[in-house]
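Worksheet for the structure shown next.
Quick note: the coordinates plus some simple rules give every number you see, no bench work behind them. Quick caveat: nothing in here was measured; it's all calculated off a predicted structure.
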Amino acid sequence: MTHPNFVHTLDVQTLFDQAFPATRTPRSRAYREGVLVALRFRLGELPAIRCPYAMGSAKADAFRAGIEEGHAIARRELQEVLK
């Protein structure tokens, strides 16, 4: 979880938009949703992460993969704020 002072220095939508520029290989909606949910969770906008897809489905797998990227983005950005 993040420190409360960092929540206001990072913008979820900006981080999300930077992660998916027009030049990036397209990703599924479920994957992008996972990235966004993870960013919102890590930056204090959501209390928990809940997958909206049936476990074991391709969409759930894509959502979970997106969550991994969202966590990685948040970790990287939070480390930058701490410098």
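A few points about this structure:
- Cα gyration tensor category, rounded, prolate or oblate, for the chain with a/c compared to 1.5: oblate
- Mean separation of Cα contacts under 8 Å, 6 or more apart, over the residue count of the range 4-82: relative contact order %: 37 percent
- Considering only Leu36, Leu46, Leu15, the mean-square fluctuation computed in a Gaussian network model of the chain, springs between alpha carbons under 10 angstrom, is largest for Leu46.
- Among Ala22, Ala62, Ala48: highest mean-square fluctuation, GNM of the chain, C-alpha pairs under 10 Å: Ala22
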